[in-house]
Amino acid sequence: MLDTLNHLIYGFGIAFTPINIFYAFIGCLVGTLIGVLPGIGPAGGMALLIPLTYGQDPVSAIILLAGIYYGAMYGGSTTSILLNVPGEAASVVTCLDGYQMARKGLAGPALAIAAIGSFIAGTIGVVLLMFIGPPLARFALKFGPAETFSLMAFGLSMVTSLAGRSLRKGLVSLILGLMMATIGVDLPTGYIRFTFGIPKLMEGFDIIVVAIGLFAVSEILISSEELHSGEYFLKKLTRIWLSMKDFLNSIGAILRGTFVGFFIGVLPGAAHVTASFLSYSLEKKFSKHPERFGQGEIRGVAAPESANNSAACGALIPLLTMGLPASAVTAVLYGALLMVGIRPSPFLFQKHPDVVWGLIASMYLGNIMLLILNLPLVGLWVKILSTPPRWLFPIVLAVSFIGVYGVNHASLDLVLATLLGVLGYFMRKYDYPLAPVILGLVLGDALEQSLRQALMISGGNLSIFYQSWIAITLFIFAGAVMVAPKIIYRGRGLAEIET
Amino acid sequence: MIKGEDIVALVIIAIGTVYLVAAISMPSMSIGDPLGQRAFPIILGAIMMLLGLSIFFKPELESKPVLSRKKLFYTLIITGLLGCYGWSLDLVGYPLGTFLFLVITVRLLGEKSWFLNVPLSAGLSTALYLLFTRILDISLPLGIIER
């Protein structure tokens, strides 16, 4: 413990040099901007800006990239809240309540709680990273295919809380997402599935294209229609600042989100996205007023925003303690480290303590910087809301298209996004939730492949699942999550009939 | 009177059926992989069909009166504009394509002043292009302007 603190002080010494403070600031600024732009997520943004690190000192380079990573996590929530347009895949969940808050004139508090929650989560996440990182990493190593499958099943069971009033419609959305995940090349066999002769589909569906198309485009379509028929209205801003009451209400959500996000982040898989979905669902399940979620409940913003920041910390653990990149972002960091001449390995802490501790210390710094940067910006972002919609909508589309185009430089992706937008439009009209589609798309691959791998290893024997205590625990959780609301609602329903 | 909700349910059944049929017609041999590439899709297709049937025969209690032909037409126009914009982007280039898209769409959404519309759209398209290509280093096509 004392050792760790010594290291941390050493790290602060490195992080607080003028040049590194400068890099942290630039990283955070650019990261926030990238996060705000719909479509370009942290991995893409970091990859784009790696050239900026050429010739830099390794520590500075990593500090810069980490700043971008963090900033992008913060920034992604801005457009989600203001425009119902997810800045990146993990921000999809923030759209659910954040945008509803904005429509009620509470954009300010929504943005503020996102920033504050992210800050608290990030800070706690870094502390957790320092102290329980290595043992947690060893635990994560125990996750073989069977455990991963049960984790994915647990993740999918969350759909029950995303489904709103109709579970069947939620399931339809989920299965749609899972189906979309199966389109393309099947990795184990090399067989190409469900392309129906369309070459573009061989690559499968990219999450960004789907998120932008399904959410952003459909949002603009619906809002334009409302505008046209005179039904569009955005309630005037009632308050810019967070009230103490809001903050106190959200603390629980923030803390829960932090811990959920951190532990999910350590595990291999789609860390940020899964973390934000999971924390939102858990928050909703355990809330006394689940019906408020989706209508502008501040905890529905606080929990996922905290979760995805702490997931960012958790995701760094496998990289720093074992040299294993467990997510797209950490893979980019891995590449960046290689480029500055450092090979991540289980001995990274020993061989390059300056890089590791400098990074950790700069994360504290980055957290503070982002809070300072973002809170004043809340007022600015909210002003943007007052742009007349007839300009705002097309501009949002034009910018979103850049995000989509940036994925593959294929204008066919834009057409695809448009078609998905039409799909999203109809889904919204008929009350089919959109979020489960993203959940299915993100988890579908891992779900199917882990199941097949597990059965391949066991030779078709299902015992591999019940021999793993981790898997059993997660299956039980999944079952509990699906059954619990029915028991609660049945109890309430009976009470209502009797009164 | 066929309700919109029913049509949606039928579409769901159709999607499930098509997917299921495509899944079943995949070859099933795969070495060492007990499930193969068919199993998961077959399950998904079957569930989708069942859900569709369930929703068709036991629809949800609330169904909002939803689409008017006029609204749909309007949405279709915007979709068409967006589709053209996306499809022609490589050809026409980002600055020009965005300019055209903005001018037309903004007018469609209610901007009456061409005096404001044209210069602002041009300015925004150029600004966006420069912002992303110069500052953020994301390459966007120039299209016709290049030639």
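No value in this document is a laboratory result; all are computed from the given coordinates. The model shown is predicted, which means the values in this text are computed figures rather than measured ones. Neighbour counts are summed over all protein chains in view; Cβ atoms, including those assigned to glycine, are modelled from backbone coordinates with ideal geometry.
Would you mind ranking A:143, A:215, A:12 by Cβ crowding within 10 Å, fewest neighbours first?
Ranked by crowding around the Cβ, least crowded first: A:12, A:143, A:215.
Per-residue Cβ neighbour counts within 10 Å put B:84, A:313 in the sequence B:84, A:313, beginning with the fewest.
Equivalent-ellipsoid semi-axes for the range A:286-376 (Cα gyration tensor, √(5λ), whole Å, largest first): 34, 16, 11.
The mean count of C-beta atoms from other chains within 10 Å of the C-beta of residues in A:405-413, rounded to a whole number, is 4. For the segment B:121-128, counting C-beta atoms of other chains within 10 Å of every residue's C-beta and taking the mean gives 2. Relative protection proxy for A:468-474, A:152-158, A:380-386, A:116-122, from highest mean packing down: A:116-122, A:152-158, A:468-474, A:380-386 (other beta-carbon atoms within 10 angstrom). From most to least packed by mean Cβ count within 10 Å, the peptides A:398-411, A:185-198, A:334-347 give A:398-411, A:334-347, A:185-198.
Once you divide the Cα radius of gyration of the protein assembly as shown by 2.2 N^0.38 Å, the number left is 0.94. Within 10 Å of each Cβ in A:166-173, how many Cβ atoms from other chains are there, averaged over the peptide? Mean partner shielding for this stretch: 5. Estimated from the Cβ-Cβ distance and a Förster radius of 45 angstrom, the FRET efficiency linking residue A:476 and residue B:73 is about 0.30. Summed over qualifying helices (DSSP H, 4 residues or more, each -39500 (n - 2.57)) and divided by its residue number, chain A shows a 222 nm mean residue ellipticity of -24500 deg cm²/dmol. Between B:76, B:140, B:98, the Cα set farthest toward the positive side of the dipole of the range B:69-146 (charges on each charged residue's Cβ, about the Cα centre) is that of B:76. In terms of surrounding Cβ atoms within a 10 Å radius of their Cβ, A:65, A:434 rank from fewest to most as A:434, A:65. Taken over chain B, the percentage of Cα pairs per 10 Å bin, counting from 0 up to the bin with the maximum distance, is 10, 21, 18, 18, 25, 7, 1. Backbone amide hydrogens, once placed in the peptide plane, bring residue A:193 within less than 5 Å of A:184, A:185, A:186, excluding anything fewer than 5 places away on its chain. When the listed pairs B:3/B:71; A:245/A:284; A:285/B:3; A:169/A:245; A:142/A:284; A:104/B:58 are checked against a 28 Å cut-off, the alpha-carbon distance exceeds it for A:285/B:3; A:169/A:245; A:142/A:284; A:104/B:58. The distance linking the range A:167-199 with the range A:22-48 is 31 Å (Cα centroid to Cα centroid, whole angstrom).
Coupling constants for the range A:10-23 follow from the phi torsions by the Karplus curve (6.51 cos²θ - 1.76 cosθ + 1.60, θ = phi - 60°), and in residue order they are 4, x, 4, x, 6, 5, 8, 7, x, 5, 6, 4, 4, 4 Hz; glycine and proline get x.
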